[in-house]
Amino acid sequence: MKENNNLTVKISKEYGFFKRLLAFIGPAYLVSVGYMDPGNWATDIAGGSKFGYRLIWVILLSNIMAIIFQSLSAKLGIVTGKDLAQACRSHYNKGTNIVLWILCEIAIIATDIAEVLGSAIGLYLVFGIPLIYGVIITGFDTLLLLLINNLGIRKMEAFIVMLIFIIGVSFLVEVLISKPDFHEISLGFIPSIPSKDALFIGIGIIGATIMPHNLYLHSSLVQTRNIERTYAGVKQAVKFNFIDSIVALNLAFFVNAGILILSAAVFYRSGNYDVENILQAHKLLQPILGNRLAPILFGIALLASGQSSTITGTYAGQIVMEGFINLRLQPWVRRIITRILAIIPAIFTILYYGENATSSLLVLSQVILSLQLAFAIIPLIHFVSNRFLMKNFAVTIKTKILCWILAIIIIVLNVKLVIDSLTEWINSGTSVVLYVPILGLCILLASLLLYIIVEPFIKKAYYIENKSIHENLSIPDIDEVKKYKKIALALDFSINDRDILSHAVNMASNDCTLVLIHVVESVGANIYGEDIKDSETMNDIKMLENYASSLKSIGINNVVTKIGYGKPAVIISQFIDKNNVDIIIFGTHGHRGIYDVIFGTTIDKVRHKIQIPMLIAK
């Protein structure tokens, strides 16, 4: 296998404080880009142009909420070895999990709509490309994502940090050019609601800031550090990931505050109180400031924002699909499906309603995120509060009370946002045929939310079962031993393994070595390689050892186990080349055609890379 220099740094006892902290830094930065995506821009611009600096405190409150919930998400992943989606699948019934997954997918698509529009608007502002063509061009950033992913996690992290740096520097320069009133900025941290419109925008800022898919993403990424599974080791990991979250998310706070400050200093001060969308803001920057650099930096920052958020949104999508419904697609297939579902409404909006309507679509995408947020936060609070699951790392009573207060605030604000939106929609003369089903859907979602709130209290004590992504694990029956020579076995922990193992023992001679190979294909394994220590990897290692024990019990004494991480075809081919394997046995998935495209096929890729015989056991 090609040497992987992209893995996270192992945590040594000999490391000093700062070196240990450096080893943990990373996951929160990948998460933080979701807090400065194009969806935040519209609400921040509207807040600054209408109310000056008076809503900065809302951005600060949103950031505090984000730090608390992201830290809880990281804690869940570190302590349990499961991400939030896996925890939900292990605890809730199948029907509830399917609905939660669908809601999360809708939220991810809504997020991707914001990234599509943000990137398209950025292309228009920087290069003058019309929005409709910009939207189509964003469909090809799948190729960019795949390229970065293939280069490895270190280069991807470097790319993300570079984009964050571009965004931060762009707004720092723009804020300095706009010459804001720093005394008024300080007064903006005093909580106040100037009007009903300010409350509405404040709700939008909170909804745009705390993004539900980031909770799933963070709980998965933190599992990549090779920590000691002792109380002290876990405690250290929790502490350093909390520091990582504070630093990374505060960078996102400065970006969002910078957008609002720029809007307030340029538009509110000049009497342009109705600047509510990104295109308006860009057009007015140069005439008001008299500086050509400001609008260019604005467009560059927007383009960087859209691209960085796209990358992390893709990983979050893979994590929730695997976690909730145990479905694993090829990363590029997953990316294309999500992007197509985001591009279609964007193109329709531009063609049917015009380019100015893109701001309304951006706001709608943030409303959808607001609606889904409670369905991620409530299970998270329940899980991290439960001592059966978290043991000594369960949150304290004070933290639990604080979390529930914040959750209630979010729920109440979201309910108000939904009620106000529905009322406005109904009063606009919308047909009953349309709004009655929407109202019914809202009632059903409210019922589901009530269920996930009260269900753990009704059950009282509960725990999360240790389910693996490989369902119904069992040791396959093995046929009588027949003689052969050296063999490698590509195992996937399915019923196909019965045939693979049976063929291998029938072919093996007394001095034969059976090499049992399994490749972990999860998102974390693809990103972090052998440093991944999540529950799926631990279960896979244990299963491989059980297979080896079963073989030894029937007289096959020379058994070697090999766990790989990432792309099966690459890992298996490289292992065969380096270890002088005589023959390899594969199983068959039993699907063909379009299913091979969607789920991937290893056999066809491997057979072109190896020089030894291949047996496909059926």
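Structure notes:
- Among the residues making up region 72-92, those that are surrounded by fewer than 24 Cβ atoms within 10 Å (Cβ to Cβ) and among the hydroxyl-bearing types (Ser, Thr, Tyr) are SER90, TYR92.
- Test: residue in region 115-127 that is at pLDDT 80 or above, of a type in the set (Val, Ile, Thr), under 19 Å from the mean Cα position of the chain (by Cα) and under 24 Å from ALA252 (Cα atoms): yes
- Among the residues of region 582-592, those that are modelled with pLDDT of 85 or more and within 22 Å of SER494 (Cβ to Cβ) comprise ILE583, ILE584, ILE585, PHE586.
- Whichever residue in region 425-442 is surrounded by 10 or more Cβ atoms within 10 Å (Cβ to Cβ) and at pLDDT 70 or above and, among such residues, is farthest from ASN386 (Cα to Cα): VAL436
- Put simply, of TYR595, TYR528, TYR565 the only residue that is modelled with pLDDT of 85 or more and either within 23 Å of the chain's Cα centre (by Cα) or more than 25 Å from ILE227 (Cα to Cα) (or both) is TYR565.
- Considering region 225-234, and only residues there that are closer than 20 Å to ASP83 by Cβ and not in a loop (DSSP other than H, G, I, E, B), the residue that is modelled with the highest pLDDT turns out to be VAL234.
- Only one of the listed residues (SER186, SER195) is of a type in the set (Ser, Thr, Tyr), out of contact with any Gly (no Cβ under 9 Å at 6 or more places or on another chain) and at pLDDT below 80. That residue is SER195.
- Enumeration of residues in region 91-104 that are in contact (Cβ under 8 Å) with a residue 40 or more places away in the chain and either in a loop (DSSP other than H, G, I, E, B) or within 23 Å of TYR231 (Cβ to Cβ) (or both): TYR92
The values are calculated or read from the model by the stated rules, or taken from the named source; none is laboratory data. Quick caveat, the model's predicted, so the values are computed rather than measured. With ideal geometry, Cβ positions are generated from the backbone for all residues, glycine too; neighbour counts draw on all protein chains shown.
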